[in-house]
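> My structure is below; once you've seen it, I'll send some questions.
The values are calculated or read from the model by the stated rules, or taken from the named source; none is laboratory data. Since we're looking at a predicted model, the values are computed, not measured. Cβ sites come from the backbone with ideal geometry, for glycine too, and all protein chains shown count toward neighbours. Surface accessibility is based on the protein's heavy atoms, side chains included, excluding ligands, DNA and RNA. Shrake-Rupley method; radii C 1.70, N 1.55, O 1.52, S 1.80 Å.
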Amino acid sequence: LAGDHLKTASDLGLPLCAVGLLYQEGYFRQAIDASGRQEELYPYNDPTQLPIQPERRPDGEWLTVSLDLPGRGLALRVWRAQVGRVPLYLLDANVSSNDAADRGITSKLYGGGPEMRIRQEIVLGIGGCRALDALGIEPAVCHLNEGHAALAVLERARLAMRAHGLSFAEAFAATRAGTVFTTHTAVAAAFDAFPP
């Protein structure tokens, strides 16, 4: 669905960019064993063999953004995939300066349980906004498909507070007007829920 959205935006010449996570093992590949049971295989996707490039700062260094997790920082490298005329920025936690466990945040789609899912949502929502900010991209509208990037709402408000000296309530109201949420899986089982 996301790929179709980007391709259509490119075909129509719409000014759009997108942010996602670079899942180096992606979603599992299905195999059936001799007993007819499903096996999940997670082959490694070497980023250097994919149609993506490191996103570079003006000085030529690899663009990285950082955020805080409880008791530690997390660095995220930014890659770019070009979908026609639309850039797709992919965040990668597999950075040598990160803790070994944190390097796996962007390894698998739908893997690791609730703790891993909330880390992925922090990376996508907060890290995604920080990547766009570092690139000098100020989206007029932020489209969130499903709840995976929900924390982008708070990060956009924080960035507006910093840029314009607003209170949280003012920044939240201002950025809310430019936020669109859609869902294509309108059943409770499709949404992550976390204890407080």
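> Looking only at the stretch 141-160, decide whether some residue is assigned to a loop (DSSP other than H, G, I, E, B), over 28 Å from GLU61 (Cα atoms) and open to solvent by 70 Å² or more (accessible area, probe 1.4 Å).
yes
> Please count how many residues of the stretch 161-190 are within 22 Å of ASP4 (Cβ to Cβ), hydrophobic (A, V, I, L, M, F, W, C) and part of a loop (DSSP other than H, G, I, E, B).
2
> Now for a separate question. Identify all residues within the stretch 1-42 that are surrounded by 11 or more Cβ atoms within 10 Å (Cβ to Cβ), modelled with pLDDT under 90 and in contact with a Phe, Trp or Tyr (Cβ under 8 Å, 6 or more places away or on another chain); write none if there are none.
Scanning the stretch 1-42 gives GLN24, GLU25, GLY26, TYR27, PHE28, ARG29, GLU40, TYR42.
> Consider VAL123 carefully, then state whether it is under 17 Å from LEU74 (Cβ atoms) and open to solvent by less than 50 Å² (accessible area, probe 1.4 Å).
yes
> Test ASP59 against the stated conditions and say whether it is part of a strand (DSSP E or B), open to solvent by 90 Å² or more (accessible area, probe 1.4 Å) and not small (Gly, Ala, Ser).
no
> So how many residues does the stretch 96-125 have that are closer than 14 Å to SER66 by Cα, out of contact with any helix residue (DSSP H, G or I) (no Cβ under 7 Å at 6 or more places or on another chain) and not hydroxyl-bearing (Ser, Thr, Tyr)?
6
> Need the failing condition index for LEU88 against (1) at pLDDT below 95; (2) among the aliphatic types (A, V, I, L, M); (3) in a strand (DSSP E or B), just the number.
Checking LEU88 against (1) at pLDDT below 95; (2) among the aliphatic types (A, V, I, L, M); (3) in a strand (DSSP E or B), the one that fails is (1).
> Let me ask another. I'd like to verify a number: residues in the stretch 140-168 that are at positive phi and modelled with pLDDT under 95, how many?
Residues meeting the conditions: 1.
> Then there is this: Go through the stretch 1-57 and give me each residue that's among the polar types (S, T, N, Q) and touching a residue at least 12 places away in the same chain (Cβ under 8 Å).
Within the stretch 1-57, SER10, GLN24, ASN45, GLN53 qualify.
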